[in-house]
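Accompanying notes for the structure given below.
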Amino acid sequence: MSLHRFPHLLFVVCCVMSAAPCIAADRIQPARMEAEDLVSYMPDGGVIEIRLDQDVTGDGLRDLVFVARNDETRVLKVMVAYADEFDMGYAPVGEMRMGDSPLGDASLSVKKGVLIVEDLDGGTTAIQSLYRFRFDPKENRMRLIGDDVSLYSRTNAHDSTSISTNRLAGVQIVKRSVVGKDGYTDQPEQKKQVSKAPVWMEDAPSPAKTLDWDQ
């Protein structure tokens, strides 16, 4: 039977097919948390550097991710939204200490259920980092699934190192470039195995630790 011969049936089918996303979009959302609501989650006297109000867990609710800082400390926080017939609000599920000499605001985004955190920290010598986290519903925590960190001189004064780690596959790739009078010379990359054990946001290694760089 062709639906085009029965336009009223075609309309019904289209409505049914579009119902699921409409339901997700129409979920009652907890009220947005403003800066004054987040004071207890921030460093003393801190301010919000950047925030992202977006679904991180995939349940259709708008979660909250933010970076807050004061003169000494910067932290990344993830607050997961919840809503049921009895209550609604936000619950903290992850926190990570970030570099305290940022060269600009951090960048936050969510792509295909993965939270991506990008940062640039330091001075003449800088560390660029990109961390990927995924929410683990069984543990109700944010799991580190990959991180890319690079140490380099903004004035080409010393060698550079880049380390890319896939925490799910347990593979780490190290690339180094040696500076000389004619510029940088890339060295052969090194690949090694690392643990596949879960690394939670609270235990995520700092870029400096991964790079084994003593400030």
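The numbers here are math on the coordinates, done by the rules we state, and not lab data. What you are looking at is a predicted structure, and each value in this text was computed from that prediction instead of being measured. Heads up, the Cβs are rebuilt from the backbone with ideal geometry, glycines too, and the neighbour counts pull from every protein chain shown.
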Q. What is the packing order of peptides 52-62, 141-151, taking the mean over residues of other C-beta atoms within 10 Å and listing the highest first?
A. 141-151, 52-62
Q | For segment 85-215, size of Cβ-based charge dipole, Lys and Arg +1, Asp and Glu -1, in debye | A | 580 debye
Q) When the chain is treated as a GNM, springs tying every alpha-carbon pair under 10 Å, which of 38, 76, 64 comes out with the largest mean-square fluctuation? A) 38
Q. At what distance in angstrom do the alpha carbon centres of segment 123-144 and segment 153-193 lie from each other?
A. 20 Å
(Q) Which residue, 78, 155, 96, has the largest displacement toward the positive end of the dipole of the chain when charges sit on each Cβ (Lys, Arg +1; Asp, Glu -1)? (A) 155
Q.
From Cα pairs below 8 angstrom and at least 6 apart in sequence, can you work out the relative contact order of the chain, rounded to a whole percent?
A. 12 percent
Q: With a bin width of 10 angstrom, please list the P(r) values of the chain as percents of all Cα-Cα pairs, from the 0 bin to the one holding the largest distance.
A: 7, 27, 28, 18, 11, 6, 3, 0
Q: Just list whichever of 175/196; 77/191; 138/196 have alpha carbons separated by over 24 Å in the model shown.
A: 77/191
**Q.** Helical mean residue ellipticity (222 nm; -39500 (n - 2.57) per DSSP H run of 4+; nearest 500) of the chain
**A.** -3500 deg cm²/dmol
Q. Suppose every K and R has +1 on its Cβ and every D and E has -1 on its Cβ; what is the size of the dipole of segment 150-215 about the Cα centre, in Debye to the nearest 20?
A. 180 debye
Q) Considering only DSSP states other than H, G, I, E and B, which chymotrypsin sites (Phe, Trp or Tyr not before Pro) in segment 78-151 qualify as loop sites with at most 11 other Cβ atoms within 10 Å? A) 86
**Q.** 5 angstrom amide H check on residue 56, placed H, neighbours 5+ away
**A.** 63
